[in-house]
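One structure is given below, encoded as structure tokens.
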Amino acid sequence: MSRFLFLFAFMLIGAGLFGAVFSAPLGTNWGLLAGGLAGALVWLVREDRQGRRLLDWLSALKKTPVSDAAAIASPARLSFFWREFAEHAERVLRLHHRALQKQRLRTENLIDALQATPNGIIMLDARRRIQWMNTFACLHFALDAERDIGQSITHLLRDPVFVAGLVRQEFCKPILLTSPCSTPRQPMRLSLQLCPYGKNRLLLLSQEITHIEKAEAGQRAFIANVSHELRTPLTVLAGFIETLQTLPLDEEERQDYLARMERQALQMQTLVADLLTLSCLEESPPPDFTQWSPIRGLLTVCAAEARAFAGLIAKNAQAKAHQIHFPADAGLGEIAGNARELQSAFSNLVHNAIRHTPPGSRVDVYWQHNEDGSATLTVQDNGPGIAPEHLSRLTERFYRVDPGRSRESGGTGLGLSIVKHVLQRHGAALEIDSAPGQGARFSATFPKSGIRH
Amino acid sequence: MNEKHLSSQFDSDLNNISSQLMAMGGLVETQVHRAIAALAGFSATLAAEVIETDDQVDNMEVTIDRALTSIIALRQPTARDLRLLLAISKITTNLERVGDETHKIARMVKSIVESGGARNMPIGDLRVATDLAADLIHRALDAFARLDVSAAIVIMKEDDLIDREFKGFTRKLITYMVEDPRAISDSLNLLFLAKAVERIGDHAKNIAEFIIYIVKGTDVRHSSLTQVETALQEP
């Protein structure tokens, strides 16, 4: 309804009322005019109050946060034209509000996704200032997600290698550097990648590569070790071959040299066999835990091997053989898993004890069922023992407490690595307990699930 | 460093010079790390690298000083801007000295490697002090970038730790010298080395003091920590 109709109606009512009252003193025409004017005035006042209400509502809206949907409700006590105006405004506001909420939800989702990535992300503006970063970026570069917004990245990430990369705009090559949070105990190496996006903006991605570099270093060390281990017997072998070729030797000497050559060849053979065992352990699927083997049988084979080995050593050294004791009782139950692997682990443990103790020492093997259902194989010797600084590294490949002696006795440096691998695959734990002069005790504890009577 | 001036050119000048200072700081930090690695691993190649790069640090100091002179002459800054520029000048000097100390350490490592001596000396005991020094320099530069007064105060407090380490190390060296007079020359070398490390910590502390000067306008040099803290509590 038009506002003028309203004005007209008010003027008419005013004129009607006033005309009746004031026509006597003023005359009919003046009375009607005064009444009309008074009606118009009342209308004006009313209009003003309604408009004011609307304005108050709008200015209150300006101050409330955008997310507050309740504040959008339009004021009550409005009539006709103003009512319509307010309803339109409210509808438009609600539409915008809904769109905004949707947008905000999408942005939040996006930010959550960026936060969830395991890599550091920093967004840089055209002047290389930090616009936004995720938690991993904070961890990688020791930054503060709130305080450091707006900082120049080169002010906080000052490594010259990075700054040079940023200046040269190296977008394809990753930049490798040490994190500012890196400590000697906990090193942290990072690989950084710069990606341009939008209008002259940059995305700085960071990834921790400490473990990758460590694995690579391990790989290199392993290859170096293997080459070294193979080279030593090969050199000896080559030397003997040359001697046999060039020197006239009598039969006895020849036999002696050939025997030594055989020993070196055997050494290489065991090394290659151990390496193959290790790589098999790494490659093959987890052992089949539905296969049960009697522990008695495993230990019997192990005992036979150990005695033969001890005898060989005693013969070579022309000394008394080791005293080896295995458990005597018949009922030891069964163990789940790959019998061949377990056999190799047990044998390695016992051989290890024989190899690293002087001839005539005592080696005791126990099998013990624990209260919680697990079972422990213990190999105890009364040899020279192991110094504490070696204990944690014993199971590393090619780690040797006394390199010369171990190789002499035919050790490859891989025995305990194989043991550790096998035990890990069977869910067992290896514990080494020793002190210099007090012998050594190696115990492998198998979980309850892998043992039955 | 984010306050706006009427002249945006001035803003970008200030920003540029801060960036140059931070770049110099980054280089000096790497120098410190390299010198420490050279010392820990007795690496003559790393030591040689440190000695070679020292010229670069010196050049950066000259460049920053020249830029500072021209900004002060052109813009005639006042208040906080003037303090910032003055502090940058002093911090540059301090950073250059840190560079000199790393140079000194590298030379010492080189001579130790070449002479073959000093290997059975207690170099491992320096490790704590060297790592602390590197950390302090790093945090001092971070605090400058953020103009973070509370971090600056922490740095000033921690410098005492290095001083204590240095004293302990000196005492240890004295016992070596008393036990075996032949160890005296090696011990003296190590003492100079330890002194260089201790000086790096001092320079970090100086940088921290300039941060307080920029932000608060109070000169806290040569005053005790309690004095500093009370001075900062005043509005």
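How big, on average over all directions, is the shadow cast by the Cα convex hull of the range A:118-208, in nm²? Its average projected convex-hull area is 5.5 nm². Along its principal axes, the range A:216-284 has C-alpha extents of 49, 23, 12 angstrom, given from the largest down. Shown here: chain B, whose C-alpha atoms stretch 67, 40, 21 Å along the first, second and third principal axes, sorted largest to smallest. Per residue of B:24-35, other chain Cβ atoms within 10 Å of the residue Cβ number 3 on average.
What fraction, in whole percent, of alpha-carbon pairs in chain A exceed 44 Å separation?
Working: 55033 of 102378 pairs.
The share of Cα pairs beyond 44 Å in chain A comes to 54 percent.
Proximity of backbone amide H atoms, modeled 1.01 Å from N, is registered between A:Asn134 and A:Ile121 at under 5 Å, excluding neighbours fewer than 5 places apart on the same chain.
Using only Cα atoms, what Kirkwood radius does the range A:6-116 have, in angstroms? Can you show the working numbers first?
Values: mean 1/r = 0.0568 Å⁻¹.
Roughly 17.6 Å, rounded to one decimal.
Three principal axis extents of the range B:129-208 based on alpha-carbon atoms, in descending order, are 50, 16, 16 Å. Projecting the Cα positions of A:Ala375, A:Ile313, A:Leu342 onto the charge dipole of the range A:288-386 (unit charges on Cβ atoms of Lys, Arg, Asp and Glu, taken about the Cα centre) puts A:Ile313 furthest along the positive direction. Summarising the overall dimensions of the range B:65-171 from its C-alpha atoms, the Rg and Dmax are 18.4, 57 angstrom.
Note on chain A: helix-only mean residue ellipticity at 222 nm, from DSSP H runs of 4+ residues weighted -39500 (n - 2.57) and normalised by residue number, equals -18500 deg cm²/dmol. Here the contact order of chain A, divided by its residue count and restricted to Cα pairs under 8 Å and six or more residues apart, works out to 9 percent.
Ellipticity at 222 nm from helices only: DSSP H runs of n ≥ 4 in chain B, each -39500 (n - 2.57), divided by the residue count, give -30000 deg cm²/dmol. Note on A:Thr178 and A:Leu230: their simple-model spin labels are 3.5 nm apart, each label 7 Å out from Cα toward Cβ.
Note the direction-averaged projected area, equal to a quarter of the hull surface, for the Cα convex hull of the range B:1-102, in nm².
Numbers: hull surface 26.0 nm².
Its Cα hull, projected and averaged over all orientations, spans 6.5 nm².
Rank by packing, highest mean first: peptides A:38-47, A:121-130, with packing defined as the count of other Cβ atoms within 10 Å averaged across residues.
Output ranking for A:38-47, A:121-130: A:121-130, A:38-47.
For chain A, the residue among A:Phe4, A:Leu203, A:Val226 whose Cα projects farthest onto the positive side of the dipole built from Cβ charges is A:Phe4.
Computed about the Cα centre, the dipole magnitude for the range B:8-230 is approximately 320 debye when only Lys and Arg (+1) and Asp and Glu (-1) carry charge, each at its Cβ. The translational diffusion coefficient of the range A:287-452, from Stokes-Einstein at 20 °C and 1.002 mPa s with a Kirkwood hydrodynamic radius over alpha carbon pairs, comes to 133 µm²/s.
Taking packing as the residue-averaged number of other Cβ atoms within 10 angstrom, the listed peptides B:154-164, A:148-158 run from highest to lowest as A:148-158, B:154-164. Residue by residue along B:138-145, Cβ atoms of other protein chains within 10 Å of the local Cβ number 3 on average.
Among the residues of B:101-109, the average count of other protein chain beta-carbon atoms within 10 Å of the residue beta-carbon is 0. With contacts taken as Cα pairs under 8 Å and at least 6 residues apart, chain B reaches a relative contact order of 24 percent. In the range A:287-452, the DSSP beta bridges split such that about 90 percent are antiparallel, to the nearest 5.
Taken together, the values in this text are just the output of simple stated rules run on the coordinates, not laboratory data. Bear in mind the structure is a predicted one, so any value in this text is a computation, not a measurement. All Cβ positions, glycine included, derive from the backbone under ideal geometry; neighbour counts span all protein chains shown.
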